[in-house]
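Undergrad: Let me begin by handing over the structure; questions about it come next.
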Amino acid sequence: QRRVHGDPRGVVTSMSLYSFLRGFFRLILNIFFSDIEVVGEENIPREGAVIFCGNHANQFVDPLMILTNCPRDIGFLIAEKSWHRPIIGWFAKKMKSIPVKRAQDGASSGAGKIESCDGDILKGTDTQFTKQVQVGDRISISGLEEVTVKEVLSASELRVTPSLEEPLTEPKAYKVMKKVDQGAVYSAVWDSLKSGFSIGIFPEGGSHDRSELLPLKAGVALMALGAMQKHKIKVSIVPCGLNYFQPHRFRSQVLVEFGRPLEISDELVEKYTTDKREACGQLLGEVEQALRDVTVNAPNYETLRLVFMARRLYKPPQKLTPEQHLQLTRRFAKAYTKFGSEPKVAELSEKLMSYEEELASLGVEDHQVVRLKSTGRCEALGLLLFRTFYLLGWFILAMPGAILAAPIGAICKYLAVKEAAKALKASTVKWEAKDVIASYKILVALGLVPLLNIAYGIIMAVVLNTYWYNPSVNWIWPFVLVIVLPFIEYFSVRSLELCLKIVKSFPRLWLCVVGGKKKDHVQLVRAQLQDEIRGLVEELGPKMGDEFFDQRVIAPELVQKSKRRWSRFNRAEDPFQDVM
């Protein structure tokens, strides 16, 4: 399901191979993801040169997610090694992509190990810097920021930029990435922008599964400023926030947000002619802030879990738009980064984690706790019986297609996990390499689904010819089966999805039937946490600046109205007392 929030504007594309492939990939993404929300499409310029700039959290899925939800044609920059792959490369050429030779694709392991770093000086043991490293090359040390070589001092010493602030606790292996001349790429991009075409780029340089942005590469700034200087044109940069919820999982959700376009001033272009480094650094800072404004960033996934829980508890029962949900999440993440070390916030974080553990032990989710008080014991028992038979009916309907599709799921998962392990081994920035899993699930399924269904058709033809020899009709049914099977398999996927939702409702209903103290306790815990979070927001919010007062996502009166609904609970009881 795809929903667009805002007034769609853009250039209407002709029916071409590009348009056909865009429609095809939109269908594929809508099958893989259960829900795709699009926010801010009205921010996309109707005409002129545009650079679409996104965060890179889901490898090959990311460019497809942007171009299938954008009304303008986009040519994405793609790694040269992907350009030469059999299937991916063919699609990239047809989708007007531009190949880029990346330094990390030709990275080689350096001799010896990096032993220490003293500011901008790297020192090694058994290294051969004078033979293996040149000025302009990049050094990648596991767990640390990449650095660029400014000067080769000796076989064991390098001067680098930026300086490494964290000291090395032990000698570490490193990789050398040779400097790459990208002149031809920049010329191709500048010519495309001159013609009014749109370019897509992921300035982090590569996909990753971290919970925050990686340092941005200067390429996007050089492309925009270079085109404006060379061709005297206006270039807009549109930030694209790709906010996935478990991006590696089949039937997960994603929210795509197009931010307000960055308009580059003539003064900055003039500065670019005299001082490229300063001009690019200034524009890159603006691009990074624009990307942060359309994405959720946190130092780790544990912080993200706390942020999502705090947001759910803070918001009132009224339905929020996807844009409001995202704004609220970003502000909680920003506030936690700023105030996370304060005693009140740290104590609240511990309570949130305890509450999450309690929910897990009960098998319920936070949004289900709100409904506990509105469901009586008899009603819950009736719903349990009804949903049990309802589940059984849908499960029986789903089984034939699910059995036929089971090999596809198993093989896709196996090959995707195998590819993730390979990607993790070759990367210095990935945590678990989950960013490659969805891409390879889709790629494998694109080839495996038709092959397996054809195999089923052949099996049916063999069976018919063996047990029911009728040449006039025997060839028809296998053909019909191959055509119909994808629809049967998709029906089974949606049916099993419904079954899973029904199963998830059982713990809540069972808690309503036999809960007693457990049911009351979890509601009391939630009520107190909700009050504490809202109190902290009112206390610490003003310290966040003007946006707290001028751009509040939820009006104070709505929060207070929701807060009064919980006043019936007895606050004298300590809900964190162990009554389990």
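Undergrad: Take Leu225 and tell me if it is open to solvent by less than 20 Å² (accessible area, probe 1.4 Å) and without any contact (Cβ under 8 Å) to a residue 60 or more places away in the chain. Please lay out each step first, then the result.
TA: Details: open to solvent by less than 20 Å² (accessible area, probe 1.4 Å): yes; without any contact (Cβ under 8 Å) to a residue 60 or more places away in the chain: yes.
Yes; evaluated as a whole, the condition is true for this residue.
Undergrad: For the stretch 224-280, name all the residues that are of a type in the set (Val, Ile, Thr) and more than 12 Å from the chain's Cα centre (by Cα). Steps first, answer last, please.
TA: In the first step, residues of the stretch 224-280 are kept if they are of a type in the set (Val, Ile, Thr); the result is 233, 235, 237-238, 254, 256, 264, 269, 273-274.
Ile233, Val235, Ile237, Val238, Ile264, Val269, Thr273, Thr274 - these are the residues of the stretch 224-280 that are of a type in the set (Val, Ile, Thr) and more than 12 Å from the chain's Cα centre (by Cα).
Listed here are the residues, each with its yes/no results for (1) open to solvent by 70 Å² or more (accessible area, probe 1.4 Å); (2) under 24 Å from the mean Cα position of the chain (by Cα); (3) modelled with pLDDT under 95.
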| residue | (1), (2), (3) |
| --- | --- |
| Pro317 | yes, no, yes |
| Gln324 | no, yes, yes |
| Tyr336 | no, yes, yes |
| Pro343 | yes, no, yes |
| Tyr355 | no, no, no |
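Undergrad: Identify, from the list Asp137, Asp181, Asp191, Asp118, the residue that is surrounded by fewer than 14 Cβ atoms within 10 Å (Cβ to Cβ) and at pLDDT 90 or above.
TA: Values: Asp137 fails: surrounded by fewer than 14 Cβ atoms within 10 Å (Cβ to Cβ); Asp181 fails: at pLDDT 90 or above; Asp118 fails: at pLDDT 90 or above.
Only one candidate qualifies: Asp191.
Undergrad: Now, a different point. What are the pairs, 6+ residues apart or on separate chains, where a residue within the stretch 28-40 that is within 20 Å of Phe60 (Cβ to Cβ) and of a type in the set (A, V, I, L, M) has its Cβ under 7 Å from a residue that is assigned to a helix (DSSP H, G or I) and open to solvent by less than 10 Å² (accessible area, probe 1.4 Å)?
TA: Leu29/Met65; Leu29/Thr68; Ile36/Leu29
Undergrad: Before we move on, is Lys563 closer than 20 Å to Met309 by Cβ, in a helix (DSSP H, G or I), open to solvent by 30 Å² or more (accessible area, probe 1.4 Å) and at pLDDT 70 or above?
TA: Numbers: closer than 20 Å to Met309 by Cβ: yes; in a helix (DSSP H, G or I): yes; open to solvent by 30 Å² or more (accessible area, probe 1.4 Å): yes; at pLDDT 70 or above: no.
It is false that Lys563 is closer than 20 Å to Met309 by Cβ, in a helix (DSSP H, G or I), open to solvent by 30 Å² or more (accessible area, probe 1.4 Å) and at pLDDT 70 or above.
Undergrad: Give Glu278, Glu288 a once-over and let me know the one that is in contact with a Pro (Cβ under 9 Å, 6 or more places away or on another chain), assigned to a helix (DSSP H, G or I) and not basic (Lys, Arg).
TA: Glu288
Undergrad: Of everything in the stretch 186-238 that's in contact with a His (Cβ under 8 Å, 6 or more places away or on another chain) and not in a loop (DSSP other than H, G, I, E, B), which residue is farthest from Thr295 (Cα to Cα)?
TA: This residue is Lys194.
Undergrad: OK, next. How about the stretch 484-504: which of its residues are touching a residue at least 60 places away in the same chain (Cβ under 8 Å) and either open to solvent by less than 60 Å² (accessible area, probe 1.4 Å) or in contact with a Lys or Arg (Cβ under 7 Å, 6 or more places away or on another chain) (or both)?
TA: Just the residues of the stretch 484-504 that are touching a residue at least 60 places away in the same chain (Cβ under 8 Å), to begin with: 485, 488-493, 495-499, 502-504.
Leu485, Glu489, Ser492, Val493, Ser495, Glu497, Leu498, Cys499, Ile502 - these are the residues of the stretch 484-504 that are touching a residue at least 60 places away in the same chain (Cβ under 8 Å) and either open to solvent by less than 60 Å² (accessible area, probe 1.4 Å) or in contact with a Lys or Arg (Cβ under 7 Å, 6 or more places away or on another chain) (or both).
Undergrad: For the condition more than 22 Å from Phe52 (Cβ to Cβ), open to solvent by less than 60 Å² (accessible area, probe 1.4 Å), of a type in the set (Ser, Thr, Tyr) and at pLDDT below 95, what is the one hit in Thr130, Thr148? Write out each step before concluding.
TA: Working: Thr130 fails: open to solvent by less than 60 Å² (accessible area, probe 1.4 Å).
That would be Thr148, the only listed residue that is more than 22 Å from Phe52 (Cβ to Cβ), open to solvent by less than 60 Å² (accessible area, probe 1.4 Å), of a type in the set (Ser, Thr, Tyr) and at pLDDT below 95.
Undergrad: Residues to consider are Val482, Val522, Val503, Val513; find the one that is at pLDDT 90 or above, of a type outside the set (Ser, Thr, Tyr) and within 30 Å of Asn58 (Cα to Cα). Can you show your working first?
TA: Working: Val482 fails: within 30 Å of Asn58 (Cα to Cα); Val522 fails: within 30 Å of Asn58 (Cα to Cα); Val513 fails: within 30 Å of Asn58 (Cα to Cα).
None of the others qualify; the one that does is Val503.
Undergrad: Now for a different question. Quick check on my filter: what residues within the stretch 151-174 are closer than 11 Å to Ser116 by Cα and in a loop (DSSP other than H, G, I, E, B)?
TA: Ser156, Leu164, Glu166, Pro167, Leu168, Thr169, Glu170, Pro171
Undergrad: Please go through the stretch 57-113 and give me each residue that is in contact with a Leu (Cβ under 6 Å, 6 or more places away or on another chain) and open to solvent by 50 Å² or more (accessible area, probe 1.4 Å), ordered by number.
TA: Answer for the stretch 57-113, where residues must be in contact with a Leu (Cβ under 6 Å, 6 or more places away or on another chain) and open to solvent by 50 Å² or more (accessible area, probe 1.4 Å): just Lys94.
Undergrad: Within the stretch 88-129, track down each residue that is free of Cβ contacts under 8 Å to residues at least 12 places away in the same chain and either assigned to a loop (DSSP other than H, G, I, E, B) or over 30 Å from Leu443 (Cα atoms) (or both). Give the steps one after another, and end with the answer.
TA: First, pick out the residues of the stretch 88-129 that are free of Cβ contacts under 8 Å to residues at least 12 places away in the same chain: 89-90, 93, 118.
Matches in the stretch 88-129: Asp118 only.
The values are calculated or read from the model by the stated rules, or taken from the named source; none is laboratory data. These figures come from a predicted structure and were not determined experimentally. All Cβ positions, glycine included, derive from the backbone under ideal geometry; neighbour counts span all protein chains shown. Heads up: the accessible areas ignore ligands, DNA and RNA and are worked out on the full protein's heavy atoms, side chains in. Shrake-Rupley method; radii C 1.70, N 1.55, O 1.52, S 1.80 Å.
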